[in-house]
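K.L.:
What follows is a single structure, and I will ask about it in a moment.
The values are calculated or read from the model by the stated rules, or taken from the named source; none is laboratory data. Note that the structure is predicted; figures quoted are calculated from it, not measured. As a convention, Cβ positions derive from the backbone with ideal geometry for all residues, glycine included, and neighbour counts pool all protein chains shown. When the accessible area is computed, the model is the full protein with side chains, heavy atoms only, and any ligands, DNA or RNA have been set aside. Shrake-Rupley method; radii C 1.70, N 1.55, O 1.52, S 1.80 Å.
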Amino acid sequence: MRFRGLLISIFLLLLPMAALEAQETDMPLLVQLPQAEALEAAVEEVTSNSIRVKWNPPAGQKNVKISVSAEAPAGGLFAVECSRTVAELNGPRVSYEIGKLAPGVDVFILVEAGTGRKNFAAYLHARTAGGSGADLSSPVREVYMAAPDVLAVVLSGGDGQHLQNSKWSVALRDGTQLGILKVGRWSVPVSAPEYFIGVGKPNRNDVILADHHLFLHLERKIGNREVLDIKGPSGINFLLPFSDRYLQTPVIQVNQVGYNPWAGRRYAYIYSYMGDGGASSLENFPSMCSLVREYDDPLVGRPTIFDNLKISERSRYDDDAGGPVREINLGIVPPARDVYFRIHVPGVGVSYRTTVNEQSVFEVYYKAARGLFHNRWGQELKPEHTDWPRPAAHTQVYIGERLDFTQMYPKDTPMKGLRVLKGGYHDAADFDQRPMHTMIPMLLMSLYELYPDRFVDSQLTLPESGNGVPDLLDEALWGVAAWEQLQEEDGGVRMGVESWSHPPGYYFASDDPLTYWTYARHPNISALAAGLFAQASRLLKKFDSERAEALRRRALKAYDYAGRNAASPAYMLYGAGELLLLSGDMLYKRDFEVAWKAMGPYGAFNKIALQQPGMASFRAALDNRGEAFAMFDYLSAYYASPHAAPEIKTAIRDWVTRYSENMVDTALNAHAHRNPRPALSPMGWGQGSTMGKFLDVALMALRLDTLPIKLKQDILDVLSLSYDYTMGCNPAGRVYYTGLGARSVREPLHLDSLAWIKQGRQPVPGIPAFGPVDGAPGSAWSQAALKAFYPSMNEVPHALRYADVRVLVECNESTVWENYAPNIKLFGAILRPGLTPPEYLLPKGN
C-alpha cells in the first residue's frame, strides 16, 4: 500500500467546549501542538459529503482519533474554534470514512494513532466535491455565507417551496442552537438533461433540474470560525467546518481567471442577492478586508498578503443589480506569475481565487479564439489540434438564388450547382453562414493590424500553425475564405448559405444531414467582401505574396460589381478605403469621399454604429429599406492612407475622440459593476455579457495619430474593466464562457458541446453564451424552465435573468459574429506581445 500526504508531527490538545464560542474577532484561539512521530496516511476517496482516509497502522496500534478542522495549522499552532473530533476508534483499524460533510469545503484532517507507549500523527487535506456541475452524493450542492448573519444552503432538486417552509436548525460547536428568524429562497433552473444525441430523437424540454438557494437568516453573526451542525427537511444533516478564510462565497465578485497586470484600474465588488428577500443592504458587512494567498499545497495555509483594504460604497442602488454594491480597489496588488489569492471578507468568506498576471489574460484569449476555431465550416478537428475532435462538417453546398437571408429554403429546392465550401463559421446551434459573418474576419484583421507584434505563429494551436503566418491572421483568413468561395466570375459575392430547417436534433456538426444552398449575390455584401479581400491582401503580402495577389484581384472584381450595382455608401467606405490603402489609386480616394458625402453632412457619422450592428440593421440595408450603418473599422484604412483628405481625417479624429470620451464615461460611471454597455440599454442577445460589442470606437481611437494621453490610458483601463466584467466582475458573478473561471457555462446551446456532454465530457471550452435577457422568453420549449424560477425571471434583477440551461435559447446560445469575434478582439487588445500557450493549455494529442 502506497501512502501520500504531508506528514506533520502533531497532537490535538482538546480544550473545554465552553472556550469554543463564535468569535467576533479575527484572532483565532490557538494552541501549540505537541510532538508525535510521523504516521503514514493518505486521502483515499472524496465525494460531496464524505472523505475516506487510510493509514498504515503502527505496530501495536490500540486506538485512533480523527479530527477535522476548517483551517490549516499555522506555524505549529492549531485553531480549535473550527475543529472537531469526529471518530475515536479502537483496535487495528486502517481506514475511516468521515461522513455527513458539507459540499465544496476544505477539510483539514488530523489522524492520531496510539500504541500506549507512542503517539503517531498525520495531517491531511481534502476538499469535498460541490458547486456547479459537481457529482453529488446528497441533495446539498453548496453552502456559503450570503451575509455575516445569513447562511445559504443550495439544494439540488426537490420542492423549493416545501424546502423553504420546512424546519431548519443550525447548532454551534458547543451545541448551542442559533435562532433562525426566517428562511428566504431563490430557485434557478440549472439543466435540461433529458435530451438524446441523433437526428430526430425525442427530447424532453419539460424535465428541468433546479437549484434552490435557501437563505437562513440567523439571530446573530456566526463570526470568523465555527463548526456548524445544519439540519433540514428530507433527512438533510451535515457538518460545516467554517472558516471565513476558506469558505468561498459568490457575494464577492472577482475576475475568476486573472486581472490584467497592465491596467490602471482593477476592482472587485460586493453584492448579495437573496431571492424573495431581495438584495442585501450590506449594512452589517465589514468595512475592511484582506487578501490571502493560496498555495498549491493547501497544508501551507493561507497567509495574509495585503491587510486593511477598504470596502467602499460603489452604489446605493444599481439598476442592473437591484440593490447596493460595494467595491474593493485592487490597484495595490502587483503582478506576479503563478501567485493566486482570494479576497477575505471577515465573517463572510473568501472570493473565488484570482491573480494578476499576463498568462491569465492569454488563457482567456487562447480559449476564446479557439472557441471560434471549433466552429469552422468545413474543418476537420484533429486530435493534434483539439481534445474535442470530429470529422469535417458541411464541405459542400448547392447554388440557390434567395435574396432574403432571414428566410430558409423550401425543402424541395432543386439541388443544382454543387460546389465545395471550406471556410467561414457556423453558429452554435444553427449551421448556416449569413451576411453578418463578414464582420468576423474584419474584426480579427483589425485586431491584428492594431497590435501586430502581439500575434505570432503557433499561438493558437491551429492546423496552419508553423506556416510562418501569425495564427490570428490565419484564423481571419479562414473567415475570408468563405467569401472567396462565394464569389462568382462577375465579381459578385453571395450573402452566405442556408438550409430548409434548423438542425433537427442534437448531434455533432459533422453528422448534420441537412442540405445547404447559397444565397444570391448582393452588391452590399460584395462591397464588404472587397474590403475583406483588400485588407487581407495587404496584411498577407509579406507572408504569402501569391495568395495576397489573388486576394487583390478578387477585391477589384468584388468592388467593381458593388459599384455597378449601387451598393450602399456605408459599405463602399470599407471597400474603397481598403483598396486605397492597398493600391494608392486615387480612384478609390474619390469613391470613398463620394460615399462619405452621400451619407450626409457629417459623413459616416450621420449613421455610425456605436455598437456592432445587429441582424435587423443588416436586413434593412440588404432589403433597401434603410441606410446601412457604418462601422468604425470601415474608416480605419482611409484614415491611415497618406492620401486621405485632411478635413475628413480631422472629422474622423474629432468624432472618434468625442465618442471615446462618452464611452469611457459610460464604462466608469453608468453601472456599479463597471462595463461599457449604455445605461438602461437592453441586455438581450449578448449585450449584457459580450462587452466587446461596445468597444469598436475605443479600439479605433487607439489607431489615431493624436490621442490625449489621459484618454488613451482611460481607454486601456476600460478594455481591462470590460474583460473583468466578462470574467466574473458582474452582478451574477458568472463567466459567460465554457471552460473559464469557477462559475462557467456548463450547458451551452452548442451542438458539439451537448454531444460531448452526453459522452461524459465537459463542453468545448471557449464557447460564449448570450447571458442575461430583458424578460422571460415566450417560446414553448422554454416554459418549463421558466416555471422553475422563484422569484420569477421577470422579478429578479436585470443582470440575474439568466439560467445555464439549453432550452433557454436567448440565454445560452451564441453567434460567431455577435459574441465570439467581438470578445476575441477585446481580449487580444489587452494581450502582451508574443505570448504562446503553456503546456497545460495544449491538446493532449499535440
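K.L.:
Limited to region 508-543, what total is found for residues that are in a loop (DSSP other than H, G, I, E, B) and either crowded, with 21+ Cβ neighbours inside 10 Å or in contact with a His (Cβ under 8 Å, 6 or more places away or on another chain) (or both)?
P.N.:
Number of matching residues: 3.
K.L.:
Between 228, 299, which is open to solvent by 10 Å² or more (accessible area, probe 1.4 Å) and either under 28 Å from residue 790 (Cα atoms) or modelled with pLDDT under 95 (or both)? Please lay out each step first, then the result.
P.N.:
Details: 228 fails: open to solvent by 10 Å² or more (accessible area, probe 1.4 Å).
After applying the criteria, what remains is 299.
K.L.:
Now for a different question. Would you point out the residue of region 35-57, among those that are in contact with a strand residue (DSSP E or B) (Cβ under 8 Å, 6 or more places away or on another chain), modelled with pLDDT under 95 and more than 17 Å from residue 299 (Cα to Cα), that is surrounded by the fewest Cβ atoms within 10 Å (Cβ to Cβ)?
P.N.:
37
K.L.:
Continuing with this model, one more query. With the requirement that a residue be assigned to a helix (DSSP H, G or I) and either under 22 Å from residue 387 (Cβ atoms) or touching a strand residue (DSSP E or B) at 6+ places or on another chain (Cβ under 7 Å) (or both), what does region 427-482 give you?
P.N.:
437, 440, 471, 472, 474, 475, 478, 479, 482
K.L.:
Look at region 131-160 and say how many of its residues are within 22 Å of the chain's Cα centre (by Cα), under 24 Å from residue 223 (Cβ atoms) and of a type in the set (D, E, K, R).
P.N.:
1
K.L.:
Within region 143-165, restricting attention to residues that are in a loop (DSSP other than H, G, I, E, B) and out of contact with any Ser or Thr (no Cβ under 8 Å at 6 or more places or on another chain), which residue is nearest to residue 325 (Cα to Cα)?
P.N.:
148
K.L.:
Given the structure, is residue 117 touching a residue at least 24 places away in the same chain (Cβ under 8 Å), touching a strand residue (DSSP E or B) at 6+ places or on another chain (Cβ under 7 Å), outside any strand (DSSP E or B) and under 30 Å from residue 36 (Cβ atoms)? Steps first, please.
P.N.:
Numbers: touching a residue at least 24 places away in the same chain (Cβ under 8 Å): yes; touching a strand residue (DSSP E or B) at 6+ places or on another chain (Cβ under 7 Å): no; outside any strand (DSSP E or B): yes; under 30 Å from residue 36 (Cβ atoms): yes.
Here the answer is no, as residue 117 does not meet what is asked.
K.L.:
Still on this structure, please answer the following. Would you confirm, using the coordinates I've provided, whether residue 307 is assigned to a strand (DSSP E or B), over 26 Å from residue 166 (Cβ atoms) and open to solvent by 40 Å² or more (accessible area, probe 1.4 Å)?
P.N.:
It is true that residue 307 is assigned to a strand (DSSP E or B), over 26 Å from residue 166 (Cβ atoms) and open to solvent by 40 Å² or more (accessible area, probe 1.4 Å).
K.L.:
May I ask you to list the residues in region 693-713 that are buried (at least 22 other Cβ atoms within 10 Å of the Cβ), not β-branched (Val, Ile, Thr) and not in a loop (DSSP other than H, G, I, E, B)?
P.N.:
693, 694, 696, 698, 699, 700, 701
K.L.:
Still on this model: When you go through 496, 479 one by one, which is the residue that is farther than 30 Å from residue 845 by Cα, in contact (Cβ under 8 Å) with a residue 12 or more places away in the chain and buried (at least 23 other Cβ atoms within 10 Å of the Cβ)?
P.N.:
Details: 479 fails: farther than 30 Å from residue 845 by Cα.
Sole residue among the options that is farther than 30 Å from residue 845 by Cα, in contact (Cβ under 8 Å) with a residue 12 or more places away in the chain and buried (at least 23 other Cβ atoms within 10 Å of the Cβ): 496.
K.L.:
So, one more: Quick check on my filter: what residues within region 607-640 are modelled with pLDDT of 95 or more and in a helix (DSSP H, G or I)?
P.N.:
Hits for region 607-640 are 632, 633, 634, 636, 637, 638, 639, 640.
K.L.:
Quick one: what pairs do we get from region 432-458, first residue over 15 Å from residue 531 (Cβ atoms), second among the basic types (Lys, Arg), C-beta under 6 Å, 6+ apart or different chains?
P.N.:
447/825
K.L.:
Among the residues of region 287-303, write down those that are small (Gly, Ala, Ser) and not in a strand (DSSP E or B). Walk me through it before giving the result.
P.N.:
Start the filter on region 287-303 by keeping residues that are small (Gly, Ala, Ser), which leaves 287, 290, 301.
Correct list: 287, 301.
K.L.:
Let me ask something else about it. Of all residues being outside any loop (DSSP other than H, G, I, E, B) and open to solvent by 40 Å² or more (accessible area, probe 1.4 Å) in region 368-398, which is modelled with the highest pLDDT? Just the residue, please.
P.N.:
Checking each candidate, the answer is 398.
K.L.:
Tell me, yes or no, whether region 184-195 has at least one residue that is open to solvent by 40 Å² or more (accessible area, probe 1.4 Å), closer than 24 Å to residue 229 by Cβ, free of Cβ contacts under 8 Å to residues at least 40 places away in the same chain and of a type outside the set (Ser, Thr, Tyr).
P.N.:
no
K.L.:
Next question. Tell me the strands (runs of 3 or more DSSP E) entirely within region 167-286 that contain at least 1 residues that are within 30 Å of residue 85 (Cβ to Cβ).
P.N.:
Counting at least 1 such residues, we get 169-171, 180-191, 209-218, 225-231, 237-243.
K.L.:
Consider residue 257 against the criteria (1) under 30 Å from residue 503 (Cα atoms); (2) within 23 Å of the chain's Cα centre (by Cα): it satisfies all of them except one. Which criterion is unmet?
P.N.:
Exception for residue 257: condition (1).
K.L.:
So if I check each of 378, 400, 349, which one is in contact with a Ser or Thr (Cβ under 9 Å, 6 or more places away or on another chain) and closer than 28 Å to residue 616 by Cβ? Steps first, answer last, please.
P.N.:
Values: 378 fails: closer than 28 Å to residue 616 by Cβ; 349 fails: closer than 28 Å to residue 616 by Cβ.
Exactly one of 378, 400, 349 is in contact with a Ser or Thr (Cβ under 9 Å, 6 or more places away or on another chain) and closer than 28 Å to residue 616 by Cβ, namely 400.
K.L.:
Quick check on my filter: what residues within region 327-346 are more than 19 Å from residue 720 (Cα to Cα), open to solvent by 10 Å² or more (accessible area, probe 1.4 Å) and in contact (Cβ under 8 Å) with a residue 40 or more places away in the chain?
P.N.:
Passing the criteria: 339, 342, 346.
K.L.:
Only one of (1) part of a loop (DSSP other than H, G, I, E, B); (2) in contact with a His (Cβ under 7 Å, 6 or more places away or on another chain) fails for residue 108. Which number is that?
P.N.:
Checking residue 108 against (1) part of a loop (DSSP other than H, G, I, E, B); (2) in contact with a His (Cβ under 7 Å, 6 or more places away or on another chain), the one that fails is (1).
K.L.:
So how many residues does region 425-454 have that are within 16 Å of residue 835 (Cα to Cα) and buried (at least 23 other Cβ atoms within 10 Å of the Cβ)? Before the answer, list the steps.
P.N.:
Narrowing region 425-454 to residues within 16 Å of residue 835 (Cα to Cα): 447-448, 451-454.
Pick out the ones that are also buried (at least 23 other Cβ atoms within 10 Å of the Cβ) and you get 447.
The qualifying residues number 1.
K.L.:
Would a scan of region 264-283 turn up a residue that is more than 30 Å from residue 793 (Cα to Cα), open to solvent by 20 Å² or more (accessible area, probe 1.4 Å) and at pLDDT 95 or above?
P.N.:
Looking for residues that are more than 30 Å from residue 793 (Cα to Cα), open to solvent by 20 Å² or more (accessible area, probe 1.4 Å) and at pLDDT 95 or above, one finds at least one in region 264-283, hence yes.
Listed here are the residues, each with its yes/no results for (1) small (Gly, Ala, Ser); (2) in contact with a Cys (Cβ under 7 Å, 6 or more places away or on another chain).
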| position | (1), (2) |
| --- | --- |
| 70 | yes, yes |
| 100 | no, no |
| 105 | no, no |
| 112 | no, no |
| 143 | no, no |
| 152 | yes, no |
| 158 | yes, no |
| 169 | yes, no |
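K.L.:
State whether the residues of region 572-580 include one that is assigned to a helix (DSSP H, G or I), small (Gly, Ala, Ser), open to solvent by 70 Å² or more (accessible area, probe 1.4 Å) and closer than 27 Å to residue 815 by Cα.
P.N.:
no
K.L.:
While we're looking at this one, here's another question. Can you confirm whether residue 223 is more than 30 Å from residue 755 (Cα to Cα) and in contact (Cβ under 8 Å) with a residue 60 or more places away in the chain?
P.N.:
Judged against the criteria, residue 223 is a match.
K.L.:
Still on this model: Looking at this structure, is residue 735 part of a helix (DSSP H, G or I), crowded, with 24+ Cβ neighbours inside 10 Å and touching a residue at least 12 places away in the same chain (Cβ under 8 Å)?
P.N.:
Answer is no for this residue.
K.L.:
Going by the conditions given, is residue 499 under 30 Å from residue 700 (Cβ atoms) and over 26 Å from the mean Cα position of the chain (by Cα)?
P.N.:
So residue 499 does not fit the description; no.
K.L.:
Take the conditions β-branched (Val, Ile, Thr), buried (at least 19 other Cβ atoms within 10 Å of the Cβ) and out of contact with any strand residue (DSSP E or B) (no Cβ under 7 Å at 6 or more places or on another chain) and apply them to residue 690. Does it pass? Working first, answer last.
P.N.:
Numbers: β-branched (Val, Ile, Thr): yes; buried (at least 19 other Cβ atoms within 10 Å of the Cβ): yes; out of contact with any strand residue (DSSP E or B) (no Cβ under 7 Å at 6 or more places or on another chain): no.
Criteria not met by residue 690.
K.L.:
If residue 94 passes every condition in (1) of a type in the set (A, V, I, L, M); (2) open to solvent by 10 Å² or more (accessible area, probe 1.4 Å); (3) modelled with pLDDT under 95 but one, which one does it miss?
P.N.:
The one condition residue 94 does not meet is (3).
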